[in-house]
Amino acid sequence: MQEREINARLEERLGAVHARQRIGIETDHENHVFGGGISFFHLENWYSAHSVIKNSLKLVGLYKRAARNTLDIEVVENIVRLRYLPESLQGLRILHLSDLHLDMTEDFGHALVERVRDAQYDLCVWTGDYRYRTYGDFEPVMQAIRHLRANLTGPVYAVLGNHDSVRMVPEFEDADIQMLMNESVVIERGDNRLHLAGIDDAHFFGVGNIEKALSAVPDGGLTVLLSHTPEVYRQAAHAGVSLFLCGHTHGGQICLPGGIPVLLDARIPRKFGRGNWHFAGMHGYTSRGAGSSVVGARLNCRPEITVHELQCDQ
């Protein structure tokens, strides 16, 4: 697809302001280690980062084990108990994939497909970061995305992360993946409705707009919000979101024994860095992510895909 065609489709799809803003920020900061976004330092773009981490793990004899761990994807069954959940929505199962970084290694893509094939779910959501780098050609990862989509059943909804180019949106939607770019859709079961909303990346690009995403949601409507980063948890909770699904942190990826992260690349309380959490009446879940970033290694932090099952909190 030619750049002119992509830009025209994006302006039609997102509106001129959003499209030009996102493309402009991407162009300004491609291949930068230091940028002017919310996250100032981009470890992914530091050419020495991979070698430093890999050699450090080798030095302590943990690299081979950490590399094997990247393919040991856990399928997490997570019960989410929500107040006032209508009976027709009880048991709804949402497959949550995050931080795939599908072009990291070919072996990982195969392992991920094997896991999702056996999962039981009603709909699937993706919470960003589909490629390894934050810049450059994204066609290799689009091939992997199309292959993954072919192995998923039912509807798939997605948002972008800080690794992702907005130019990927038309190809995602051509692959039957509905992007939620500060938008919402309605999931109907019987006479009841679940509002599924999603925002553009709020971590680096700063273009996530929760108010716009929820503009079509009635007051008090049951709402699931997809965000790449957990950093906007306050805004989401005070906007009345019921369930907040996110990723970005990788759960730390390289952790001390007991799963204690060495680093969380997010401005959040550490308890929000992985798994279930609550804030101001909102239920939140931060995925450890299925893929790996910077280096293909995980330590004391298994990759995951998650199936959230909605149940009523009585």
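Does TYR63 count as out of contact with any Phe, Trp or Tyr (no Cβ under 8 Å at 6 or more places or on another chain), aromatic (Phe, Trp, Tyr), modelled with pLDDT of 55 or more and on the phi < 0 side of the Ramachandran plot?
So TYR63 fits the description; yes.
What tally of residues in segment 240-272 results from selecting those that are in a loop (DSSP other than H, G, I, E, B) and either at pLDDT below 95 or on the phi > 0 side of the Ramachandran plot (or both)?
Step one: list which residues in segment 240-272 are in a loop (DSSP other than H, G, I, E, B), which gives 240-242, 247-249, 253, 257-259, 262-269.
Filter once more, keeping what is either at pLDDT below 95 or on the phi > 0 side of the Ramachandran plot (or both): 240, 248, 253, 257-259, 262-269.
The qualifying residues number 14.
Quickly run through segment 159-175 and pick out the residues that are in a helix (DSSP H, G or I) and among the charged types (D, E, K, R).
ARG167, GLU171, GLU173, ASP174
Kindly list the number of the only condition in (1) out of contact with any Pro (no Cβ under 9 Å at 6 or more places or on another chain); (2) without any contact (Cβ under 8 Å) to a residue 60 or more places away in the chain; (3) surrounded by fewer than 19 Cβ atoms within 10 Å (Cβ to Cβ) that fails for ILE210.
(3)
Could you say whether any residue in segment 185-199 is closer than 29 Å to THR105 by Cα and touching a Lys or Arg at 6+ places or on another chain (Cβ under 9 Å)?
yes
How many residues are without any contact (Cβ under 8 Å) to a residue 40 or more places away in the chain and assigned to a helix (DSSP H, G or I) when one looks only at segment 222-239?
Qualifying residue count for the region: 2.
Please determine, by comparing only the residues of segment 264-314 that are surrounded by fewer than 22 Cβ atoms within 10 Å (Cβ to Cβ) and aromatic (Phe, Trp, Tyr), which one is nearest to ASP122 (Cα to Cα).
Top of the filtered list is TRP277.
Condition first: of a type in the set (A, V, I, L, M), touching a strand residue (DSSP E or B) at 6+ places or on another chain (Cβ under 7 Å) and surrounded by 12 or more Cβ atoms within 10 Å (Cβ to Cβ). Now tell me which residues in segment 61-85 satisfy that.
LEU62, ALA66, ILE73, VAL75, VAL76, VAL80, LEU82, LEU85
Which ones in segment 176-197 are without any contact (Cβ under 8 Å) to a residue 60 or more places away in the chain and either in a loop (DSSP other than H, G, I, E, B) or not charged (D, E, K, R) (or both)?
Within segment 176-197, ASP176, ILE177, GLN178, MET179, LEU180, SER184, VAL185, VAL186, HIS195, ALA197 meet the criteria.
Looking at (1) more than 20 Å from the chain's Cα centre (by Cα); (2) modelled with pLDDT of 95 or more, can you tell me which one TYR121 breaks?
(1)
The values are calculated or read from the model by the stated rules, or taken from the named source; none is laboratory data. Remember, predicted model here, so these are calculated numbers, not experimental data. Ideal geometry is used to build each Cβ from the backbone, glycine not excepted, and the neighbour counts take in all protein chains shown.
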